[in-house]
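Have a look at the structure below, then the notes.
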Amino acid sequence: MLYILVLIGALGGILILFINIHPGFGSNPSKEQEEVYKTFDNYEDGKFVYQASTMETVSVEIPFTSAEPDSTDKEKQPTGQLPVSEIDWDKINGSEDSLTWLGHSAFILSLDDKKILVDPMLGSVASPVAFIGPKRYSEDFLGSIEEMPPIDAVFITHDHYDHLDYQSIKKLKSKVSHFFVPHGVGNHLIQWGVIKENITEMNWWEETEFQGMTLALTPADHFSGRGILNQNSTLWGGWVILGEQTRFYTSGDGGYGTHFKEIGDKYGPFDIALIEGGQYDERWPDSHMLPEESIQANIDVQGKQMMLAHWGAFTLARHGWTEPIERASKAAKENNVNLIAPRIGETVELDENAPVPVSTWWE
């Protein structure tokens, strides 16, 4: 018994040492930063917390399903490698506002002729190390970084591996002018070689200006952490980006709550809203939304057009890989929500007169 306890202790020590040494796990906030966080309303007992408002929550009708979340009759991932559309760099480099989906929650946004990346997880595995973790359904997009134009700004919603990728940031950092992140996430970037002066950290409801655009970090009911011992040591959230022609919102990850109505009342309506709606489980109501809740969240924030995010690249939950978009599509029709679903790699023009993708490519 003593031998087993010693072995377990040794293995635990090795694991902690590995986490502390491997750069993919990032870095933790300093003591000085933690002292600042103590002055925040959303920081308690050394952790960031979600605070639900007193607003009345809308009741969302969730369809009954008899199948268990891990039912074997559902394909949790495609049977083969998922094909993606060839990226149209001419459209992306053009002056028109546009949006290009790179799978999961990664997007290229062209706004006011500024080139922006949202949660650019472009690698092949959602993990700090390449030999373990959820693998991308398609080829990764790391090679596309060389073809990208100079990036004016990168927006990170939180520090989980499927949103903040070490390999992607290492390859991107030399062509990015500025990074906008929630409080504490900048430490990861600095450890990976990003210059501190090129990083802006923000709290919920905080606003700033960048090259003529108004930016705001908005609340989300989620959590953070890249290691065993640093859960919720960094903040998470969604982003509002207001350009001359396009009002943009991305929810980041999180459960459904009254904050969506508050965001819509303060910053809506939005011309395009990216709403998280994949990798869910009814046991995780405070982490991820069910697709029907995602549709309601779009209604709350007043999105004129909506795209479902957080699906199409990795299997992180026990439902079928196409289930999020199928359920969201059904709920969108029932609620008259303009849900668009372009192929991965396809560019959508953010113009109310522009054609929108209507295919069901996942079938």
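The values are calculated or read from the model by the stated rules, or taken from the named source; none is laboratory data. Since this is a predicted model, take the numbers as computed values, not measurements. Glycine gets a Cβ as well: all are built from the backbone with ideal geometry, and neighbour counts include every protein chain shown.
Key figures
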item: Extreme residue, farthest from Ile169 (Cα to Cα), among residues of the stretch 199-223 that are surrounded by fewer than 24 Cβ atoms within 10 Å (Cβ to Cβ) and among the small types (Gly, Ala, Ser); result: Gly212
item: Residues of the stretch 283-327 that turn out to be touching a Lys or Arg at 6+ places or on another chain (Cβ under 6 Å) and either assigned to a helix (DSSP H, G or I) or of a type in the set (Ser, Thr, Tyr) (or both), as a count; result: 3
item: Any chance Tyr280 is surrounded by 24 or more Cβ atoms within 10 Å (Cβ to Cβ), among the aromatic types (Phe, Trp, Tyr), under 17 Å from the mean Cα position of the chain (by Cα) and in a loop (DSSP other than H, G, I, E, B); result: yes
item: Which listed residue is of a type in the set (Gly, Ala, Ser), modelled with pLDDT of 95 or more and within 14 Å of His222 (Cα to Cα), from Gly277, Gly312; result: Gly277
item: Check on Gly186, within 19 Å of the chain's Cα centre (by Cα) and small (Gly, Ala, Ser); result: yes
item: Scope the stretch 297-313; condition surrounded by fewer than 24 Cβ atoms within 10 Å (Cβ to Cβ) and farther than 20 Å from Ile241 by Cα; matching residues; result: none
item: Yes/no for His188 being within 17 Å of Asp165 (Cα to Cα), of a type outside the set (Val, Ile, Thr) and buried (at least 20 other Cβ atoms within 10 Å of the Cβ); result: yes
item: Considering residues of the stretch 209-264 that are more than 16 Å from the chain's Cα centre (by Cα), among the β-branched types (Val, Ile, Thr) and in a loop (DSSP other than H, G, I, E, B) only, the residue modelled with the lowest pLDDT; result: Ile228
